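Shown next, in structure tokens, is the structure this report addresses.
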Amino acid sequence: MIKDLYSTNMSSQAKNIQLRFEKIRRKHGKISKIVSVFMCLSLIMIISFATFVIAGIDGLESTDTQKISFMSNGKQIDFENKPFVENGTVYLPLRELFESLGIMDNENSYINWDNGKIKLCIAETILLPDYENGGESERLFISNYGFEIGIPQIVLNPEGTLPDDKAHLSIRHISKYAPVLKDGVTFIPYEFVNLMLNRTDQLGKKYNIICIVGEDNPNVFLTPHILWPTESEKVTNKFGNRTHPITNEIKEHNGIDIVADEGSNVISVISGIVEDAGYDSEKGNFVVITGENNISVLYAHLKSINVNKGDLVNRKDVVGQVGSTGMSTGPHLHYEIKINGRYCDPMLFY
């Protein structure tokens, strides 16, 4: 009887302990599941964030390299060593650039690289009048440049390229930017290229290289040299936002204003075709000339016009005279440049 009672009590306690254990196990099981789910979600979020960051880095890299367009003579040049944006300028692969432009085709042209120091020789064979024998004779025209990785300057006629009696012709140009070495390739800022190409003016092949940075797709355009349109060089209103002198509205000023004597000549800064010529209530008498590389130039507020729509004009041809027609407060030339439909600051060509 006692034994049966004892057995019954023991059995009852065992069942109670088992029930408590089951409750605890179920409780902790739910907590474990919650913790597991939370950890899985956290892991997914970490992986997703890491993927986003990596994708963002890749996106930045492609913006700085693959999306840069380099246009020459209306055609895009695709470099094996991609140009890139750094510190507000575009860097271009030195050797590839000059080879793609045909500048290195002359057997006397060369690029020497010595422990970060670069010497570049651009040679051109040109025809000059032969006053003694009549006709023309060939002459080799050479420009020598020196620059160094990490040094923000370019030297025209560096040491050793000229005879001692002409060493004084060596000229140093200080720059905001310096050549860089990337993956064993020399890259130079486009400002260096512009300066070097400007030297070919007397060959009739002078170029401007213009860079538009700070947009989704940075662009570099190699254009024929663009002249200055007037004898006057006094610029009163620059490119960009300004308060209109008549309406007092803040408007985008897509060109520059050059103050000049009324009636003084305005020349064509490029060779091309007169796309439009006439009168506009705001621009007054105006002329638009379109040239190669999709360059378009506008001259406005003219006193008179010397050309007609469809005319073929050459550089330095007179297209009109400075005036004050349209919405103008005095004699001046409003001067705009477009490349591929995008406005460029004319001062970049000055």
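The values are calculated or read from the model by the stated rules, or taken from the named source; none is laboratory data. Keep in mind it's a predicted model, so treat the numbers as computed, not measured. We place every Cβ from the backbone using ideal geometry, glycine too, and count neighbours over all the protein chains shown. Surface accessibility is based on the protein's heavy atoms, side chains included, excluding ligands, DNA and RNA. Shrake-Rupley method; radii C 1.70, N 1.55, O 1.52, S 1.80 Å.
For segment 122-136, a tally of residues being without any contact (Cβ under 8 Å) to a residue 60 or more places away in the chain and not in a loop (DSSP other than H, G, I, E, B) returns 6.
Just one of the listed residues (Gly278, Gly263) is modelled with pLDDT of 95 or more, part of a loop (DSSP other than H, G, I, E, B) and either among the small types (Gly, Ala, Ser) or closer than 13 Å to Val313 by Cα (or both), namely Gly263.
Filtering segment 294-303 to residues that are under 31 Å from the mean Cα position of the chain (by Cα), modelled with pLDDT of 95 or more and crowded, with 22+ Cβ neighbours inside 10 Å leaves Val297, Tyr299, Ala300, His301. Going through (1) modelled with pLDDT of 80 or more; (2) assigned to a loop (DSSP other than H, G, I, E, B); (3) open to solvent by 80 Å² or more (accessible area, probe 1.4 Å) one by one, Arg139 falls short only on (2).
A single member of Lys119, Lys166 is touching a residue at least 24 places away in the same chain (Cβ under 8 Å) and not hydrophobic (A, V, I, L, M, F, W, C), and it is Lys119. With respect to the stated conditions, Gly214 is at positive phi and at pLDDT below 85. Just to be sure I understand, how many residues within segment 96-123 are in contact with a Leu (Cβ under 8 Å, 6 or more places away or on another chain), of a type in the set (Phe, Trp, Tyr) and open to solvent by 20 Å² or more (accessible area, probe 1.4 Å)? Residues in segment 96-123 being in contact with a Leu (Cβ under 8 Å, 6 or more places away or on another chain), of a type in the set (Phe, Trp, Tyr) and open to solvent by 20 Å² or more (accessible area, probe 1.4 Å): 1 in total. Residues in segment 260-293 that are open to solvent by less than 50 Å² (accessible area, probe 1.4 Å), within 14 Å of Val322 (Cα to Cα) and touching a residue at least 60 places away in the same chain (Cβ under 8 Å): Ala260, Gly263, Val266. Among the residues of segment 316-350, the ones that are more than 25 Å from Ile209 (Cβ to Cβ), hydroxyl-bearing (Ser, Thr, Tyr) and either within 30 Å of the chain's Cα centre (by Cα) or exposed (fewer than 15 other Cβ atoms within 10 Å of the Cβ) (or both) come to 1 in all. Take the conditions (1) polar (S, T, N, Q); (2) at pLDDT below 75; (3) touching a Leu at 6+ places or on another chain (Cβ under 7 Å); Thr230 misses just one of them, which is (2). Looking only at residues of segment 173-189 that are surrounded by 11 or more Cβ atoms within 10 Å (Cβ to Cβ) and not hydrophobic (A, V, I, L, M, F, W, C), we find that the one that is nearest to the chain's Cα centre (by Cα) is Pro189.
Of all the numbered requirements in (1) closer than 17 Å to Phe187 by Cα; (2) touching a Pro at 6+ places or on another chain (Cβ under 7 Å); (3) assigned to a strand (DSSP E or B), Val155 misses one, and that requirement is (2).
One line per residue, one yes/no per condition, for (1) in contact with a Lys or Arg (Cβ under 8 Å, 6 or more places away or on another chain); (2) at pLDDT below 85; (3) surrounded by 11 or more Cβ atoms within 10 Å (Cβ to Cβ):
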| site | (1), (2), (3) |
| --- | --- |
| Asp58 | no, yes, no |
| Glu61 | no, yes, yes |
| Thr65 | yes, yes, yes |
| Leu92 | no, no, yes |
